[in-house]
Amino acid sequence: MTLVAGGGKKFIEGITSSSGSADGGKLVATDATTGRLDASLMPNGFGILSVTATATESLTVGFVNLYNSSGYKVRKAVATAKGTKAIGYVTQAYSTGDAVTVYFDNGVLGGLSGLTPDADYYLSDTVAGGITTTPPTTGTGKIVQFVGVAKSATELMVSIEEAAELG
């Protein structure tokens, strides 16, 4: 609410996104879909850490690897070699050729199933993009990479660590 000339009051609705300096001084509001502030309302350098790249295979919710082949490409991460380690994660399914949003923050990854709350999870060496509570212990060139702790049966608190190569 704001005061207007003549002593009256006027209700002003907050904006849910910004188009730049023209929106200076306006009230802000969370959006109706997520209940969060839009990234356009945040200062530069603040917000979700992500990148957009092209899927080179079908992806499901889980961990992915980014690589450069005439631009950033995305594939499922798998603990079979350092070159396929987890770099980030995706929160939805994508098809080959889709523009994919890859997240790097230590957020919560939902949409999973069968997790054991409070258990440590590692990148799987048998299911590409998948996770396991039992990391590989043998296999020259395979990697061990911690990716997070289960918050519930369907959510993982993501914390991707550097991969360690087995000898």
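The values are calculated or read from the model by the stated rules, or taken from the named source; none is laboratory data. All values derive from a computational prediction rather than experimental measurement. Virtual Cβ from ideal backbone geometry, glycine too; neighbours counted across all protein chains shown. The area values use the complete protein model at the heavy-atom level, side chains included, leaving out ligands, DNA and RNA. Shrake-Rupley method; radii C 1.70, N 1.55, O 1.52, S 1.80 Å.
The residues listed here are V158, V108, V144; of these, the one that is touching a residue at least 12 places away in the same chain (Cβ under 8 Å), open to solvent by 50 Å² or more (accessible area, probe 1.4 Å) and touching an Asp or Glu at 6+ places or on another chain (Cβ under 9 Å) is V108.
Here K26 passes the criteria (1) under 29 Å from K142 (Cβ atoms); (2) out of contact with any Lys or Arg (no Cβ under 9 Å at 6 or more places or on another chain); (3) part of a loop (DSSP other than H, G, I, E, B) except the one numbered (1).
In the set (1) assigned to a strand (DSSP E or B); (2) closer than 19 Å to T54 by Cβ, the condition left unmet by M157 is number (2).
So which residues in region 46-75 are under 21 Å from T126 (Cα atoms) and in contact with a helix residue (DSSP H, G or I) (Cβ under 8 Å, 6 or more places away or on another chain), if there are any at all? N65, Y67, R75 - these are the residues of region 46-75 that are under 21 Å from T126 (Cα atoms) and in contact with a helix residue (DSSP H, G or I) (Cβ under 8 Å, 6 or more places away or on another chain). Can you find even one residue in region 75-92 that is surrounded by fewer than 13 Cβ atoms within 10 Å (Cβ to Cβ), more than 16 Å from the chain's Cα centre (by Cα) and assigned to a loop (DSSP other than H, G, I, E, B)? No - not one qualifying residue is present in region 75-92. Only residues that are of a type in the set (S, T, N, Q), open to solvent by 60 Å² or more (accessible area, probe 1.4 Å) and either farther than 30 Å from A163 by Cα or in contact with a Lys or Arg (Cβ under 7 Å, 6 or more places away or on another chain) (or both) were counted in region 29-55, giving 4.
Just the residues that are more than 12 Å from S58 (Cβ to Cβ) and either among the basic types (K, R) or not in a strand (DSSP E or B) (or both), please, taken from region 93-110. Give the derivation first.
Our first condition is that a residue be more than 12 Å from S58 (Cβ to Cβ); within region 93-110, this holds for 99, 101-110.
Correct list: F104, D105, N106, G107, G110.
Could you grab me the full set of residues in region 111-141 that are part of a loop (DSSP other than H, G, I, E, B), among the acidic types (D, E) and surrounded by 13 or more Cβ atoms within 10 Å (Cβ to Cβ)? Once the filter is applied, which keeps residues that are part of a loop (DSSP other than H, G, I, E, B), among the acidic types (D, E) and surrounded by 13 or more Cβ atoms within 10 Å (Cβ to Cβ), region 111-141 yields only D125. A Cβ distance below 9 Å, combined with a sequence gap of six or more or placement on separate chains, defines the contacts here; from region 26-50, residues that are within 22 Å of V102 (Cβ to Cβ) reach residues that are surrounded by 10 or more Cβ atoms within 10 Å (Cβ to Cβ) and at pLDDT below 70 in the pairs A39/G47.
For E165, indicate whether it is within 20 Å of S50 (Cβ to Cβ) and either without any contact (Cβ under 8 Å) to a residue 40 or more places away in the chain or open to solvent by 30 Å² or more (accessible area, probe 1.4 Å) (or both). No: the conditions fail for E165.
The numbered conditions (1) surrounded by fewer than 20 Cβ atoms within 10 Å (Cβ to Cβ); (2) modelled with pLDDT of 95 or more are all true for N65 except (1).
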